[in-house]
Amino acid sequence: MNLTPPAMRLALDEARAAADRGEVPVGAVVTDAAGEVIAAAGNRVIELRDPTAHAELLAIRAASARLGTERLIDCDLFVTLEPCPMCAQAIALARLRRLYFAADDAKGGGVHHGPRLFAQPTCHHRPEVYDGLGAEEAARLLRDFFRDRR
């Protein structure tokens, strides 16, 4: 039985699609308070030639545009990899209610690793954080992607 929430399954699908495009396989999904999908995205850094085109930022931008607000107060973000410091700051600025992420990122993460952004006294908003949902599958996608490029 698969206990991975549907929104994380969709984020994993976005990560696979990113890998198929030659992008680092990271996917993100924003849901509303009822769990309905507002936006979904995968990395598009190479395609858009934009170092900020991370899955989280693209999903946050799309959700904000769809809802017509810069504050996603009653929304949750599901992402396949621990957000980097840039994305963690965007999550705080968007006032997302909850962050769910799959795999840890010991090298580039900004939530449980690196600067631990939400633990900083200068962080004005701290979402609830839940990790490990779909971690094995997300980590496998990343391992396979980088193995195939070596």
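Some points to look at:
- Residues satisfying the stated conditions in region 41-60, i.e. of a type outside the set (A, V, I, L, M, F, W, C) and more than 14 Å from Glu14 (Cα to Cα): Glu47, Arg49, Asp50, Pro51, Thr52
- For region 14-32, a tally of residues being open to solvent by 60 Å² or more (accessible area, probe 1.4 Å) and either in contact (Cβ under 8 Å) with a residue 24 or more places away in the chain or closer than 23 Å to Leu72 by Cα (or both) returns 2.
- Pairing residues of region 1-13 that are aliphatic (A, V, I, L, M) with residues that are in a helix (DSSP H, G or I) and modelled with pLDDT of 95 or more, at Cβ distances under 8 Å and at least 6 apart in sequence or on separate chains, gives Ala11/Ala55; Leu12/Glu137; Leu12/Ala138; Leu12/Leu141.
Each row is one residue, and each column tells you yes or no for (1) more than 18 Å from Arg9 (Cα to Cα); (2) basic (Lys, Arg); (3) in contact with a Ser or Thr (Cβ under 8 Å, 6 or more places away or on another chain); (4) open to solvent by 60 Å² or more (accessible area, probe 1.4 Å).
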{"position": "Ala34", "(1), (2), (3), (4)": "no, no, no, yes"}
{"position": "Ala39", "(1), (2), (3), (4)": "no, no, no, no"}
{"position": "Ala62", "(1), (2), (3), (4)": "yes, no, no, no"}
{"position": "His112", "(1), (2), (3), (4)": "yes, no, no, yes"}
{"position": "Glu128", "(1), (2), (3), (4)": "yes, no, no, yes"}
{"position": "Arg150", "(1), (2), (3), (4)": "yes, yes, no, yes"}
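- Residues being of a type outside the set (S, T, N, Q), farther than 28 Å from Arg140 by Cα and open to solvent by less than 70 Å² (accessible area, probe 1.4 Å) - total across region 69-83: 1
- Conditions (1) under 15 Å from Tyr100 (Cβ atoms); (2) among the hydrophobic types (A, V, I, L, M, F, W, C); (3) open to solvent by 20 Å² or more (accessible area, probe 1.4 Å): number failed by Leu58: (1)
- Ala62 vs. criteria under 25 Å from Ala34 (Cβ atoms) and touching a strand residue (DSSP E or B) at 6+ places or on another chain (Cβ under 7 Å): yes
The values are calculated or read from the model by the stated rules, or taken from the named source; none is laboratory data. Values in this document were obtained by computation on a predicted structure and should not be read as measured data. With ideal geometry, Cβ positions are generated from the backbone for all residues, glycine too; neighbour counts draw on all protein chains shown. Note: accessible area is taken over every heavy atom of the protein model, side chains too, but ligands, DNA and RNA are not part of it. Shrake-Rupley method; radii C 1.70, N 1.55, O 1.52, S 1.80 Å.
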